[in-house]
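Written below as structure tokens is the structure these notes are about.
The values are calculated or read from the model by the stated rules, or taken from the named source; none is laboratory data. Not measured: the values here are computed from a predicted model. Quick reminder, even Gly has a Cβ in these numbers, built from the backbone with ideal geometry, and neighbours come from all protein chains shown. All accessible areas refer to the heavy atoms of the entire protein, side chains included, with ligands and DNA or RNA removed. Shrake-Rupley method; radii C 1.70, N 1.55, O 1.52, S 1.80 Å.
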Amino acid sequence: MSMELALCLLTLFGLAAIGTPIGYSIILGSLVYLGAAGLDVALAGEKILQGLYNSFVLLAVPLFIAAANIMNAGTISERLLNFCVAAVGRFKGGLGHVNVVASLIFSGMSGSAVADAAGIGKIIIGMMTKDGRYSRGYAAAITAASATIGPIIPPSIPMVLYALVSNASIGALFLAGILPGLVMGGVLMAMNYYLAKKRGFAIEEPVPLRELPRYTANAFPALLMPVILLVGIYGGVTTPTEAAAVAAFYALILAGLFYRALSWHGLYRIFVESARSSAAVGIVIGGALILNFVVISENIPAMMSQFLQGVDVHPLVFLVGVNVLVLLLGCILDATTIILVIVPLFIPTCRDLGIDLVHFGVLVVVNSMIGLITPPYGILLFVINAVTGIPLREIISEIWAFLGVLIGALALMILFPEIVLFLPRLLGYGG
């Protein structure tokens, strides 16, 4: 390791350790490297501008964020929850199933785990804890766990960021996330059923089947969002970025005109909040673009690739090793940082070992989402704590069972790549 890189890492981790936002820590650490190496510090601005101008796909990020915030602001979340209660509330552990199914559906609109948790989290937790039907910790834990599905089923902001660093097809990544998302939902519902039966949770009064069409019709326009996205991308009508613009516009029309649940003041607040969230992601992206230049200057990807070739590692062993590393990093880093800073180091080796980049990308995103609920610094745990006031210790005490089954689902995706690649290959992906 060169002295310049050592100073960069020391600055980065030192700033992060005292609570500096990770985006600023990366930028300042990279600037220290440029200064120590005798390079023009203005090179940082050049690399950011080059990265942004060459990545039209990044425009999808603020558009998906805006679409999610619009969906949250209207009555769309409540309509979807009513539909889920009518559909699966009648089974053992009914509201737990409603929680998971609502996340599966809402994930087709938001592309963000935090938006999912903050959007429907407070409502569903209130429903679950009413009259003591479920403990506060359990309701919060299953809400946090189900929110991890948000960025797996399209649209997905983390997959857009992964496409940026890997040049993998966004359309293929979106399709590849559908079955893994359903698998994650399935294992969470199975665990919820087991715990509900073991603890004797109450069964909800079933909604008469004759009323199900009414609830479905109420939620149907919102349910069309993921369909519009995938048909637009795979039908050749829109690029992924254009599809994100269509999603935001559709959400606006739906909340503002169709459901009439959006005021001009509310729309202003949505745009301000979307701008803030987009800026927070943008700072991390900017830092990652500079840091990637530092990593390439130090020839780190080539050295890693050469080392791994020298030890003749099997692709499966490599995948397991990387996923264990990402799982551990997920305990302390957010998904955006992992995808933009850590993952690019492994892309050349994936190519050398013949690992499909779409398969690898979905594994990384799933793993990063699991990190969001991994103590001690799982971001979703803090989000749920912030929106509900439920103590962290109660949430953490209940999260382990759901964390375990999600790691099991990840292991299945590693061992059986077809879970990830079946749908993309069915629709013409050549990987």
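Quick check on region 363-389: of everything there that is touching a Pro at 6+ places or on another chain (Cβ under 9 Å) and within 12 Å of ALA141 (Cβ to Cβ), which residue is least open to solvent (accessible area, probe 1.4 Å)?
Of everything passing the filter in region 363-389, LEU381 is least open to solvent (accessible area, probe 1.4 Å).
Quick check on region 48-91: of everything there that is open to solvent by 10 Å² or more (accessible area, probe 1.4 Å), over 16 Å from ALA275 (Cα atoms) and in contact with an Asp or Glu (Cβ under 8 Å, 6 or more places away or on another chain), which residue is modelled with the lowest pLDDT?
If we take residues in region 48-91 being open to solvent by 10 Å² or more (accessible area, probe 1.4 Å), over 16 Å from ALA275 (Cα atoms) and in contact with an Asp or Glu (Cβ under 8 Å, 6 or more places away or on another chain), then ARG90 is modelled with the lowest pLDDT.
Could you look through region 35-47, keep only residues that are assigned to a helix (DSSP H, G or I) and touching a residue at least 60 places away in the same chain (Cβ under 8 Å), and pick out the one that is most open to solvent (accessible area, probe 1.4 Å)?
Here the answer is LYS47.
Taking the conditions exactly as written (farther than 25 Å from TYR377 by Cα and assigned to a helix (DSSP H, G or I)), does GLY126 satisfy them or not?
Considered against the rule, which asks whether it is farther than 25 Å from TYR377 by Cα and assigned to a helix (DSSP H, G or I), GLY126 comes out as no.
Which residue pairs have Cβ atoms under 7 Å apart, sit 6 or more places apart or on different chains, and have a first residue in region 225-239 that is more than 23 Å from LEU104 (Cβ to Cβ) and a second that is surrounded by 16 or more Cβ atoms within 10 Å (Cβ to Cβ) and at pLDDT 75 or above?
THR238/GLY232; THR238/VAL246
Could you go through region 226-244 and let me know if any residue there is more than 23 Å from the chain's Cα centre (by Cα) and part of a helix (DSSP H, G or I).
no
From the list ARG214, ARG133, pick out the single residue that is at pLDDT 80 or above and more than 26 Å from LEU412 (Cα to Cα).
The match here is ARG214.
Pairs please, first residue from region 334-354 and within 14 Å of VAL313 (Cα to Cα), second anywhere and of a type outside the set (A, V, I, L, M) and open to solvent by 30 Å² or more (accessible area, probe 1.4 Å), Cβ atoms under 7 Å, 6+ apart in sequence or on different chains.
Within 7 Å, the pairs are ASP352/GLN309; LEU353/PRO315; GLY354/PRO315.
Yes/no matrix, rows are residues, columns are (1) in contact with an Asp or Glu (Cβ under 7 Å, 6 or more places away or on another chain); (2) farther than 19 Å from LEU59 by Cβ; (3) modelled with pLDDT under 90; (4) in a loop (DSSP other than H, G, I, E, B):
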{"position": "SER146", "(1), (2), (3), (4)": "no, yes, no, no"}
{"position": "PRO154", "(1), (2), (3), (4)": "no, no, yes, yes"}
{"position": "PRO158", "(1), (2), (3), (4)": "no, no, yes, no"}
{"position": "PRO221", "(1), (2), (3), (4)": "no, yes, yes, no"}
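Go through region 395-431 residue by residue and tally those that are open to solvent by 50 Å² or more (accessible area, probe 1.4 Å), part of a helix (DSSP H, G or I) and not hydroxyl-bearing (Ser, Thr, Tyr).
Total meeting the criteria: 8.
Among the residues of region 355-368, is there at least one that is in contact with an Asp or Glu (Cβ under 9 Å, 6 or more places away or on another chain) and touching a residue at least 12 places away in the same chain (Cβ under 8 Å)?
Scanning region 355-368, I find at least one residue that is in contact with an Asp or Glu (Cβ under 9 Å, 6 or more places away or on another chain) and touching a residue at least 12 places away in the same chain (Cβ under 8 Å), so the answer is yes.
When you go through ILE285, ILE332, ILE270 one by one, which is the residue that is β-branched (Val, Ile, Thr) and modelled with pLDDT of 85 or more?
After ruling out the rest, the residue left standing is ILE270.
Do we find that SER263 is surrounded by 13 or more Cβ atoms within 10 Å (Cβ to Cβ) and modelled with pLDDT under 85 in this structure?
No, not satisfied.
Taking region 12-30 on its own, how many of its residues are open to solvent by 50 Å² or more (accessible area, probe 1.4 Å) and free of Cβ contacts under 8 Å to residues at least 24 places away in the same chain?
Here the count works out to 5.
Does region 26-37 contain any residue that is over 19 Å from LEU164 (Cβ atoms) and at pLDDT below 80?
no
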